[in-house]
Amino acid sequence: MKQFVRDHVEFFRQYVRQFETTGAVAPSSRSLARAMTRPLCACRDRDVRILEVGPGTGAVTREIVRHVKPGDTFDLVEINAEFANLMRKRFETQPHYRTVAERSTVHVCPLQEFEPEGRYDVIISGLPFNNFPSTLVEELLDVCLELLNPGGTLSFFEYMYIRPLRRMVSRSEEKTRLGEIEGILQSRFADHRFDTDWVFVNVPPAWVQHLRVGQPETGGRK
């Protein structure tokens, strides 16, 4: 309970200071975290490379850690240095995190500057796309898709109906930006989406979008 309160206090503090990159007033719920990690749970018959983008205070990380196996690799990319330090302390001090610490690395940088050692089988993103310029949304989505192995999955969440509601009450420039984001997302959905989870037990309720790139290669991975 104390950890829950500390996480919410820290999340709100960072929300006030850095709204553009935090994007929410509270950490994700357990129900949302489970939906975000569903593709990870589906590939437990082999070793996988996992990337979490924008872990924040670790509401989804906590669920990912439960599914990391001895042969897996887990990278976390966080642009907010305070959140990154919080995650590093967890891997050093908290029992469930410590069991996977040797296979986990926290990187403090924008996703575009991240240079991984290989591609990933599962990418889970907490980035607040609705807060970004449309060109950045397109860049971040495409970087994620390019970082996937054939057959790999990208999962991210969107708050239900927030984008159309914001468009209704926004001025023309904001309406244009949100409309461009909608077009970018729908284009990627048409090419790559294979499933959507509806999560009502979250503040606010959210959709989790699951995208897949190609089919697994039989002759090895890049």
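Each peptide in 148-155, 176-183, 118-125 gets a packing score, the mean of other Cβ atoms within 10 Å over its residues, and the list from highest to lowest is 118-125, 148-155, 176-183.
Residues within the reach of a label modelled at GLU180 (point 7 angstrom out along Cα to beta-carbon, backbone nitrogen below 20 Å), restricted to the range 97-115, are 111-112.
Computed over the chain, the per-residue total of -39500 (n - 2.57) for DSSP H runs of n ≥ 4 gives a 222 nm mean residue ellipticity of -12500 deg cm²/dmol, rounded to 500. Put +1 on the Cβ of every Lys and Arg and -1 on every Asp and Glu Cβ in the chain; which of ILE79, LEU154, THR37 then has its Cα farthest towards the positive end of the dipole? The listed residue farthest towards the positive side: THR37.
Dipole of the range 156-222, Cα-centred, from +1 at each Lys and Arg C-beta and -1 at each Asp and Glu C-beta, to the nearest 20 debye? The partial results should precede the final answer.
Working: 11 positive and 9 negative charges, 28 e Å.
Taking the Cα centre of the range 156-222 as origin, the dipole is about 140 debye.
Computed from point charges on the beta carbon alone (+1 for Lys and Arg, -1 for Asp and Glu), the dipole magnitude for the chain about its Cα centre is near 820 Debye.
No lab work stands behind these numbers, since they all come straight from the coordinates. All values reported here derive from a predicted model rather than from experimental measurement. In this analysis, Cβ positions are derived from the backbone assuming ideal geometry, glycine residues included, and neighbour counts consider all displayed protein chains.
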